[in-house]
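The structure under discussion appears below in the form of structure tokens.
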Number of protein chains: 2
Amino acid sequence: MIATELLEKYGALKKSFEKSEIIFEEGNLPTHYYQIISGEIKMSNYNDDGREFIQGIFYKGQSFGEPPLFLNQKYPANSIAVEDSEILLLPKSTFLKLLEENPAISIKIIENLAQRLYYKSVMAAEISTHEPEHRVLKLIDHGIAYFNFKKDVNGYLINFTRQQIGDLTGLRVETVIRAIKALEKKGELKIINRKVYR
Amino acid sequence: MIATELLEKYGALKKSFEKSEIIFEEGNLPTHYYQIISGEIKMSNYNDDGREFIQGIFYKGQSFGEPPLFLNQKYPANSIAVEDSEILLLPKSTFLKLLEENPAISIKIIENLAQRLYYKSVMAAEISTHEPEHRVLKLIDHGIAYFNFKKDVNGYLINFTRQQIGDLTGLRVETVIRAIKALEKKGELKIINRKVYR
DNA sequence: TGCGTTTTATGATTAAAATCATAAAACAAG
DNA sequence: CTTGTTTTATGATTTTAATCATAAAACGCA
């Protein structure tokens, strides 16, 4: 995350996106650096039958879509507002100038990319070699550490729908629902009026 | 890739690893920056039944294992020499000093991490939502662009074993063998005495 | 050059998750 | 409040890739 003031000093502009509005699409070339002021953004792919795979979900203060910006490659996924959101946009050329002139920011970017690579490594291994219950639990535990799950008396509230968990783990809703039930029976998590706690 | 001279200026040491020798293990804390002088390294995970998932394969000039180094996190995977290899090792603290004192290197690191994140994004979507043939072909096409596949009269020689393709795509050998046969029948690739060309 | 290991190969069977069908509960919007 | 949509839920069935079994070809190396 880059300080808002610094981004604005370089001319970043705030833009509002309504729920379900597309921010950029797979196959397009990147033009801006994006940093969320408020709201929630998801990046995802759709296969030929319309089945979705969610690459990641991003919240306030987080940036997204940088890799293709650094590589001059097309976006490998779509990005869409999950709820009404405000985003700071900085054109590519100015963003690169900002980086050059502020070396400390580079370290921030590196740490951020490293974090995302770490998540992808863990989840890739999960999706490839583990059963549904294991995958779901791993995603939940990662979420507790890195998504903004809130803790209350029942534990951490996992504020993802079963469908989202499925799209993040490569499983179908029904499989996720069954896995969560099984995990509850094993005492790994709690279901309190349909909400999942851990 | 960081220039060898620069790494050596900061005290990097060359170390040899024999085929099958472990470089670092999952769960350990990172201590060094690693850059390959010669040979081939793979990073992979093993699940409880010993099933492998290959995170990536790295060759001459490439670095590996940086993300946990920047995050002070444990390695999420093992790294092992696929063949006899020589690697330059630079201790973490010196490496961070090198970065601070050479801002241009940060950009290189960013581009490298961005590239790897890009690969992981593409493969994650593949593994989650596509059939075996599609996955195998995607991996092969990525390999042509980013691994060191050589082109000859028959096309690009895909110098991965069926097992490796399976471990990179989350498929079993038999499934890979059948997928490759089917892809040959469809004319997507060639099999010339057991070797795959595209 | 012989022998153990790895790689490719193929057919039969099984298991696991996807798919299909259906519905109740909860939520959101007018 | 009512109504349409989303989310959670469950049971039955199907499909697909994994598993199991077996073997030939190729390779590595002593």
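The values are calculated or read from the model by the stated rules, or taken from the named source; none is laboratory data. Owing to the predicted nature of the structure, the values given are computational and were not obtained by experimental measurement. Here Cβ is always computed from backbone atoms with ideal geometry, including for glycine, and neighbour counts include all displayed protein chains. Note: areas computed on protein heavy atoms with side chains; ligands, DNA, RNA excluded. Shrake-Rupley method; radii C 1.70, N 1.55, O 1.52, S 1.80 Å.
For this structure, a couple of remarks:
- Accessible area buried by the pairing of B and A, both sides summed with a 1.4 Å probe, works out to roughly 3300 Å².
- Proximal lysines to B:Lys9, defined as alpha-carbon separation beneath 30 angstrom and excluding residues fewer than eight positions away on the same chain: A:Lys97, A:Lys108, B:Lys19, B:Lys42, B:Lys60, B:Lys74, B:Lys92, B:Lys97, B:Lys108
- To put it simply, the accessible area of the protein assembly as shown at a 1.4 Å probe is 50 percent carbon and sulfur.
- Solvent exposure ordering (accessible area, 1.4 Å, most first) of A:Arg135, B:Arg162, B:Arg198: B:Arg198, B:Arg162, A:Arg135
- Inter-copy label distances at B:Gln163 (7 Å, Cα→Cβ; nm, one decimal): 4.3
- Relative contact order (%) - segment A:1-160, alpha-carbon pairs under 8 angstrom, separation at least six: 27
- Estimated FRET transfer efficiency (B:Glu188, A:Val173; beta-carbon r; R0 30 Å; 0.05): 0.35
- Here's the list of aspartates and glutamates a cross-link from B:Lys15 could span, going by alpha-carbon distance under 18 Å and ignoring same-chain residues fewer than 8 apart: B:Glu5, B:Glu25, B:Glu40, B:Glu66, B:Glu83, B:Asp84, B:Glu86.
- A:Ile37 label point (Cα plus 7 Å toward Cβ) to equivalent points in the other copies: 5.3 nm, shortest first.
- Surface accessible to a 1.4 Å probe, A:Lys19 within the full protein complex, Å²: 130
- Label-reachable residues, segment A:34-57, where backbone N falls under 13 Å from a point 7 Å from B:Asp141's Cα toward its Cβ: A:48
- Taking all protein chains together and rolling a 1.4 Å probe, B:Met1 ends up with roughly 120 Å² accessible.
- Over segment B:1-78, relative contact order from alpha-carbon pairs under 8 Å, at least 6 apart, %: 38
- Solvent-accessible surface ranking, highest first, for A:Ile192, A:Ile140 at 1.4 angstrom: A:Ile192, A:Ile140
- Here the protein assembly as shown has an Rg and Dmax of 21.6, 67 Å, counting Cα atoms alone.
- Segment A:122-167 versus segment A:1-70: alpha-carbon centroid distance in Å: 22
- What the Cβ-Cβ distance of B:Ser16 and A:Asp152 gives, at R0 = 41 Å and to the nearest 0.05, is a FRET efficiency of 0.15.
- Averaging the sequence gap over all C-alpha pairs within less than 8 Å and six or more residues apart, then dividing by the number of residues, gives segment A:111-198 a relative contact order of 27 percent.
- Charge dipole of segment A:77-186 (Cα centre as origin; +1 on each Lys and Arg Cβ, -1 on each Asp and Glu Cβ, all else neutral): 320 debye, rounded to the nearest 20.
- Under the convention that each Lys and Arg Cβ holds +1 and each Asp and Glu Cβ holds -1, the size of the dipole of the protein assembly as shown around its Cα centre is about 580 debye.
- Label spacing, shortest first and in nm, from A:Arg51 to its equivalents in the remaining copies (7 angstrom along Cα→Cβ): 1.6
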